[in-house]
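Below is one structure, written out as structure tokens; the observations come after it.
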Amino acid sequence: MPNLRISEAAALLGVSDDTVRRWVDQGRLNATVSENGRKAIDGKELAAFAQRVAEGAEPGTTVAASARNRMRGIVTRVLKDGVMAQVEMQAGPFRVVSLMSREAADELGLEAGSVAVASIKSTHVVVEIPEA
């Protein structure tokens, strides 16, 4: 399993390097000292931490859902026409775009700056491994 630099862990979690360092200092996230003397985080440790954060990071009234991919983020743009709306949001480093009825967007009060949760369920997901 790869050891990730603090900056890589931060980018994957969608937080700042300083936030990851604070979590390490607080004992919330384990880090080791790599061969070059810098702190590193084991990939499996980071994955487990990300899951723990995600499980408790979604406030609200939902008791259960079949969609396992839930990302909290901020709405960055809403484009509406007579019938449809395109809602764009930023969830950490991820840009999420949703097409919905204008009525649904209006009922939810979605506008730039709104905090929202994107629930994603797909029958086709492509997983890629980035170049090292």
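Over the chain, calculate the relative contact order: mean separation of alpha carbon pairs under 8 Å at least 6 apart, over the residue count, as a percent.
Across the chain, relative contact order equals 21 percent.
In percent, what relative contact order does the range 69-120 have, based on Cα pairs under 8 Å that are 6 or more apart in sequence?
46
Could you calculate the contour length gain from Val115 to Ser7, that is, 0.36 nm times the residue separation minus the distance between their Cα atoms, to one decimal place in nm?
36.4 nm
Based solely on its DSSP helices, what 222 nm [θ] is calculated for the chain when runs of n ≥ 4 H residues each add -39,500 (n - 2.57) and the sum is averaged over all residues, nearest 500 deg cm²/dmol?
After summing the helix terms and dividing by residue count, I get -8500 deg cm²/dmol.
Starting from the amide H of Lys39, placed 1.01 Å from N in the peptide plane, find each other amide H under 5 Å away whose residue is 5 or more places distant or on another chain.
Long-range HN contacts for Lys39: Ser34.
Going Cα to Cα from Lys80, which aspartates and glutamates come in below 14 Å? Please leave out same-chain ones fewer than 8 positions away.
By straight Cα distance, Lys80 reaches Glu88, Glu103, Asp106, Glu107, Glu111.
Starting from the range 91-132, pick out the trypsin sites (Lys or Arg not before Pro) whose DSSP state is loop and whose Cβ has at most 12 other Cβ atoms within 10 Å.
Answer in residue order: Lys121.
Computed from the coordinates by the stated procedures, all read-outs in this text should not be read as laboratory data. Here the structure is a predicted model, which means the values were calculated and not measured. Cβ atoms come from the backbone with ideal geometry, glycine included; neighbour counts cover every protein chain shown.
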